[in-house]
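Reading through the C-alpha cells given below for one structure.
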Amino acid sequence: MYWGSVRFYKQLIILVLALVLILPTTFAVRLCVENNRISKELEKAKTDNFANFILMNQNQTEYAWQSTNPETNDPNHEYEFDLEYQNLYPELYVGNIPVTVREPDAVYLTFDDGPSDLTGKILDVLMDKDVKATFFVIGKYLESEKGKNLLKRIAEEGHAIGIHSYSHEYREIYGSVENFLDDFYLTYNLISDITGKAPEIFRFPGGSINGYSSTIYKELIAEMIRRGFVYYDWNVSSQDAALHTSVRQIYNSVCLGTKQKTRSIILMHDSYDKGNTLKALPQIIDTLFDNGYYFKTLTRDVAPVIFGYSD
Ligand code: ZN
C-alpha cells in the first residue's frame, strides 16, 4: 500500500524538505526585488520633489518680485507676506530669476572664503593666464582697508563676486532663516558699497545642503530664490578644504574631475593657508586649456549646479 509505505514517507520528507528550502528562498528573492524597486522609487521621488520644489519657488519668485517691484506696482502700497522673515529687508531683491543657460565645455573657477593674504597672488596668476574666475567672499574680511582694496581689485580685473556670508559661522547663520538673512544683508551691503554693484549670486557656506542647515535648508532656499538670488554649489572639488592637500592632489582632483563633467563649477579656497591651491593653479589652468575647456565667470544666467540634482 502506498499510503503509510516507506516510499510514501520518503517522498513526504523530500517534499517537506523541498518546501522548507524553496519557499523561504523564493520569499527572500522576492523581498530583495521589491526592496530594490521601492528604494529606486524613493530616490526618484526625492529628486522629483526637489525639482518640483525649485520650480515651484521659481514661479513664486516671479510673483513676489512683481508684487514688490515699484515699477510695476504702486510703490506706496505695502505688501505683507505670510512669513515674518519675508518682510525683512524688502530691498534685498534682485528681480526675476532669468532663464539660465548650460554651456558645454565651460569651466568656472570659484574661490571661497576670501579675500585673504592669498588673493593678490591668485589674481596675479589669473591675470597672467588671462582667465576670469568667481570669488565668493566673506563679509567680515571686507571691513578692513586691505580687504576693501582686494575686493575692488577683484571687480576691476573682471572677475565675478558673490556672497559667501558675513561671519561664516555655520551654527549662527543656519540657526534660522532670519539669522541667515541678517548675515547675508551685511555682506550684500558691503559688496554693493565697495564695488558699486549689488551682488546677485551666492554660495552657501558648506554648500546648500549641509549638516548645519538640514532642518531649514528647504525654507532657506525657497526664501533666497523668492528674493531672486541664484546660488551655486559645485560639481568638482579641488579637495583643498582639507588640511595638507598636496599640490598634486589638488591638480589631479580638478583635472580628473572636470573630465567627468560636461561643464564644471570648481570649488577652490582663497585663504592664507591654501598655498598649495595657489601653486597648483597655473598648471590646472594650462591643462584645462589644453583639454579644450574655456573659462567663464558665474553670472545669474548661468544654470546653477545644485546639490540634489544631477547636472
Ligand atoms: Zn566657505
Close pairs from segment 2-28: first surrounded by 10 or more Cβ atoms within 10 Å (Cβ to Cβ), partner outside any helix (DSSP H, G or I), Cβ under 9 Å, at least 6 apart: PHE8/MET1; PHE8/TYR2
Helices (runs of 4 or more DSSP H) completely within segment 137-202 that count 2 or more residues being in contact with a helix residue (DSSP H, G or I) (Cβ under 6 Å, 6 or more places away or on another chain), touching a residue at least 24 places away in the same chain (Cβ under 8 Å) and within 14 Å of the ligand (Cβ to nearest atom): 177-195
One residue from GLY292, GLY228, GLY206 being out of contact with any strand residue (DSSP E or B) (no Cβ under 9 Å at 6 or more places or on another chain), part of a loop (DSSP other than H, G, I, E, B) and closer than 22 Å to ALA155 by Cβ: GLY228
Selection within segment 213-231 - within 16 Å of the ligand (Cβ to nearest atom) and either surrounded by fewer than 18 Cβ atoms within 10 Å (Cβ to Cβ) or closer than 19 Å to LEU298 by Cα (or both): TYR231
Complete set of residues in segment 177-203 that are polar (S, T, N, Q) and under 11 Å from TYR85 (Cβ atoms): ASN179
Selection within segment 104-136 - at pLDDT below 95 and either in a helix (DSSP H, G or I) or within 16 Å of the ligand (Cβ to nearest atom) (or both): none
Residue in segment 252-277 that is nearest to the ligand (Cβ to nearest atom), counting only those that are aliphatic (A, V, I, L, M) and surrounded by 20 or more Cβ atoms within 10 Å (Cβ to Cβ): LEU267
In segment 206-246, residue nearest to the chain's Cα centre (by Cα) [restricted to those that are acidic (Asp, Glu) and closer than 24 Å to TYR93 by Cβ]: ASP233
Which numbered condition ASP240 misses (of (1) out of contact with any strand residue (DSSP E or B) (no Cβ under 9 Å at 6 or more places or on another chain); (2) assigned to a loop (DSSP other than H, G, I, E, B)): (1)
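The values are calculated or read from the model by the stated rules, or taken from the named source; none is laboratory data. Every value quoted in this text rests on a predicted model; they were computed, and no experiment measured them. We place every Cβ from the backbone using ideal geometry, glycine too, and count neighbours over all the protein chains shown.
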